[in-house]
Amino acid sequence: MPSSAPLRASIAAGHKKTAEAAALIIKEGGNAFDAAIAALFAASVAEPCMASLGAGGFACLHTAAGQNLLLDFFVQTPINKIAPAELEFYPMQVDFGSAQETFHIGMGAMATPGMMAGISALHERYASLPISVLIEPAKILAKEGLAMTDFQFFDIRVLQPIMTRSAESAAIFYPDGQPLPVGQIQRMPGLADYLDYLSHEKDWAKDIYLGEAAKLLLKDSVTKGGLLRADDLAQYEVIWRNPLQLNYKGHHLLTNPLPSTGGVLIAEGLSALEPLPIDDLHSKKQLARLQKVLGDIYSIDRNPKKLNSKWGSTTHLNIADELGNAISITLSNGEGCGYMIPGTNIMMNNMLGEAALLPDGFHNWIPNSRLSSMMAPTLVLKENQFHLATGTGGASRIPGMILQLLHHVLDHKMELEEAIASSRLHYEHGRLNLEPEYAGLANTEDPRLEQLVEWPEKAMFFGGLNSILRKENGQLQAVGDDRREGYAIEL
């Protein structure tokens, strides 16, 4: 049952409206897990290039009772393959100004989504409020709309071929053939109606797998070059895993285990940092250490040439409450495949078109298996109590960014706001990217260094580390990373 009085809680999410949906549920008596469910629904409206009910992700949980779990609701590959020539599967080039990147989209890029099954599993185990209550903020948001932000405008503009591929999507994001301008109201009436339908259905979570939405999806998948079939949807299951766990300087870290690789790289990085001396963060000595550690972890054999996505349409949120519950969630829709389930405004994922997830190449995935991911929602405990929640989007850059935030907070004892604002680096494939405070400090004699890129300002390239810290006095502090318009609320 919900608490008699609202809990104190903190929220850090990828969009103001995502955070506000979670805050509303806390105010209505929900716990951190209730709020997380509301945030997931709301993110599908407020962050449509990052989140969708056709997406997948991971949640790292610590409960007030002391349970530590990792909920894997990432996408699953289809049970059967189809000859590539029979698929609708084609490249799309995105121009980021300084670089271009190619993604593959179309019906043949869809993997089995895990979002609804993940929400259902979280609700069944840990929620205290009815699903109709948790859906309501997102339903209102989809119906009444929200103002287009600079970051979301950037997304829909660079992903124009995806956002305009169907008339249903174009009507939302490209009315009159032009991207919806910043400040204009984005509405998703089909999603509003669909959420209203779900809120009245006993088997709400099964609709996208067995119900009317599934029928529409399967009809188009079969006739228009997709891989998904009825068995793929019907047999999807979430996986409750034991988190990858390690101790670091009096703290206990929980993150995403194998088959995903992001958590492993974080663990390798922390193991390398632990015995090293610590100098001023913005000194040449300290940057040289970080440069070496990041260079080392990104040299670990993981078929790195296939793991070099510059984009990373991924979002992250954290929620913690005064009872001691905490949840860290990272989710992704890839870039979206360009197909919406008719009438629902649900953009399906393009995970089978993501080179970063397919080290053996397109169409060479293992049937009926979880794709690996760099996503690594992370919790830190201290004396078995919640201490820190963090994570980010950013494709292959995810583990390195999280590693640096942990280094700032746990080693340099920075306040959370300072730690998130501090400059970051990314070092992969011989290319060292530095944010402004590191300018002029790189170890240019590093034999692995092929290209040095000093960014003139902080940028979304370096992730969005929305985070929550439990201070020594028990206060929960939340900070959003403005590199990706992150937003924080403390209640």
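The values are calculated or read from the model by the stated rules, or taken from the named source; none is laboratory data. Since we're looking at a predicted model, the values are computed, not measured. Don't worry about glycine lacking a Cβ; one is built from the backbone with ideal geometry, like all the others, and counts go over all protein chains shown. Calculation scope for accessible area: heavy atoms of the full protein, side chains included, ligands and nucleic acids excluded. Shrake-Rupley method; radii C 1.70, N 1.55, O 1.52, S 1.80 Å.
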Excluding residues fewer than 8 positions from K382 in its own chain, the lysines with Cα under 22 Å of it are K249, K413, K471
In debye to the nearest 20, the charge dipole size for region 216-275, taken about the Cα centre with +1 at each Lys and Arg Cβ and -1 at each Asp and Glu Cβ, equals 120
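Once a ≥ b ≥ c are taken as the square roots of the eigenvalues of the Cα gyration tensor of region 1-68, is the result rounded (a/c under 1.5), prolate (a/b larger than b/c) or oblate (a/b not larger than b/c)?
Here region 1-68 falls in the oblate category.
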Quick calc, the chain, dipole around Cα centre from Cβ unit charges on Lys, Arg (+) and Asp, Glu (-), nearest 20 debye, gives 480
Partner aspartates and glutamates whose C-alpha sits under 15 Å from that of K224, ignoring same-chain residues fewer than 8 away, are E86, E88
If unit charges are put on Cβ atoms (+1 for Lys and Arg, -1 for Asp and Glu) and the dipole of region 1-159 is taken about its Cα centre, the option from A55, L141, A22 lying farthest towards the positive end turns out to be A22
The percentage of the accessible area of the chain (probe 1.4 Å, all protein chains present) made up of carbon and sulfur atoms, to the nearest whole number, is 50
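Tell me, what is the per residue accessible area of the chain in Å², probe radius 1.4 Å?
37
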Taking a ≥ b ≥ c as the square roots of the eigenvalues of the Cα gyration tensor, with a/c under 1.5 meaning rounded and otherwise prolate when a/b exceeds b/c and oblate if not, region 73-166 is oblate
Over the chain, the sum of -39500 (n - 2.57) across DSSP H runs of at least four, divided by residue number and rounded to 500 deg cm²/dmol, gives at 222 nm -8500 deg cm²/dmol
If the chain between Q93 and H429 were fully extended at 0.36 nm per residue, the gain over the current Cα-Cα distance would be 118.8 nm
Under the rule rounded for a/c under 1.5, else prolate if a/b exceeds b/c, else oblate, using alpha carbon gyration tensor axes a ≥ b ≥ c, the chain is classed as oblate
Once the in-chain neighbours fewer than 8 apart are removed, the lysines whose Cα is under 21 Å from K458 read K16, K284, K310
For region 26-137, the dipole about the Cα centre with charges only on Cβ (Lys and Arg +1, Asp and Glu -1), to the nearest 20 debye, works out at 260
log10 I(q)/I(0) for region 376-437, Debye formula on C-alpha points only (no solvent), q = 0.14, 0.15, 0.22, 0.25 Å⁻¹, two decimals, reads -0.43, -0.49, -0.96, -1.16
Rounded to the nearest Å, the spacing of the alpha-carbon centers of region 138-201 and region 258-299 is 40
One checks the Cα atoms of region 312-447 and finds Rg and Dmax, in Å, of 18.3, 57
